[in-house]
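Okay, structure first, notes after.
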2 protein chains.
Amino acid sequence: MKDVISSCPIEEAMRVLSGRWPTLLLYYLKDGTKRFSDLRRDNPTVSHRILALELRKLEEAGIVRRTAHAGYPLRVDYDLTAAGLKLVPLIDALGDWWEDTEDDRAGGVSSTAETRLVAAE
Amino acid sequence: MKDVISSCPIEEAMRVLSGRWPTLLLYYLKDGTKRFSDLRRDNPTVSHRILALELRKLEEAGIVRRTAHAGYPLRVDYDLTAAGLKLVPLIDALGDWWEDTEDDRAGGVSSTAETRLVAAE
DNA sequence: TGTAAATTACGCACTATTCTGTAACCAGGG
DNA sequence: CCCTGGTTACAGAATAGTGCGTAATTTACA
């Protein structure tokens, strides 16, 4: 039941970047060109199938470029498009944010009472 | 089957921000304090159950603060914590990135051939 | 004055949809 | 047989939505 139009760029961007793998793949691809098997080694927990699907999704979104070399054994390279390259610093910033705000986010509900109870006026 | 430790801040950050709603809620909360019903109005497609769950998740992550006012009718306010406020510019940047790279991302596979075929050397 | 209904922020149970993973199979040369 | 990159079929897990119930007070209305 996906809405027809979102009109919100954030929502559209997240439609591509949401999930566990997209940002990680971007992270590994920023080092340069990688092959399918390289990416599997970089992240051994992703299944064969999901890696292929995620890469397709990123390719269709114009973030990753796929280059298939003719001949056998099969060989396919993946690297970032211009859009993908521009995205890298944002993802890095996200990681920095997570680390920088570690003390601020604290222990959630347990230690610091996040939820406050206020008397009605 | 979530792995025990990720050690990667990007992965951890995405564990919280992944999905359709978290970034949108952050986006609406940046205007200031909102109530549950305000957020439902801002985004009518989210169900009340999911909204409650997502807000709890963000609260536990230390990004959103929940303030329950005693008395009836029930009243609960939500606003951003310091960590949440620091995250806002990043989310905005993500939206900008999506818009700025629109031409670059092009039409995906259909028009521009994203997948290249290269002869073996 | 009595009673019914609305309000707000959920929780719970159930269903529907989507995501993720496993296993098997394909291609053609070594 | 193996290697590579990828697809399909199927199974199970995670996620999302619907509808009902609940609390104490206020308002609606005969």
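The values are calculated or read from the model by the stated rules, or taken from the named source; none is laboratory data. In this text, all values refer to a predicted model and were calculated from it rather than measured experimentally. Please note: Cβ atoms are built from the backbone with ideal geometry, for glycine as well, and neighbour counts cover all protein chains shown. Note: accessible area is taken over every heavy atom of the protein model, side chains too, but ligands, DNA and RNA are not part of it. Shrake-Rupley method; radii C 1.70, N 1.55, O 1.52, S 1.80 Å.
Values for this structure:
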| item | result |
| --- | --- |
| Cβ-Cβ FRET estimate between B:Leu74 and B:Asp96, R0 fixed at 45 Å, reported to 0.05 | 0.75 |
| Unit charges on C-beta of K, R, D, E only; dipole of region B:24-66, Debye | 120 |
| Protein accessible area in region A:21-89, 1.4 Å probe - carbon and sulfur % | 55 |
| If the convex hull is drawn through the Cα atoms of region A:21-89, its volume per residue in Å³ | 81 |
| Within region B:20-92: Cβ-based charge dipole about Cα centre, in debye rounded to nearest 20 (Lys, Arg +1; Asp, Glu -1) | 180 |
| In nm, spacing of pseudo-spin labels at A:Arg40 and B:Ala52 (7 Å Cα→C-beta vector) | 4.5 |
| Total accessible area lost when A and B pair, probe 1.4 Å, Å² to nearest 100 | 5100 |
| Euclidean distance of C-alpha centroids, region B:56-92 and region B:29-52, integer Å | 11 |
| Across A:Lys30/B:Lys86; A:Lys34/B:Lys57; A:Lys86/B:Lys30; A:Lys30/B:Lys34, pairs whose alpha-carbon gap is larger than 28 Å | A:Lys34/B:Lys57; A:Lys30/B:Lys34 |
| ³J(HN,Hα), Karplus 6.51/-1.76/1.60, whole Hz, each residue of region B:47-62, x for Gly, Pro | 7, 4, 5, 5, 4, 4, 5, 5, 5, 4, 4, 5, 5, 5, 7, x |
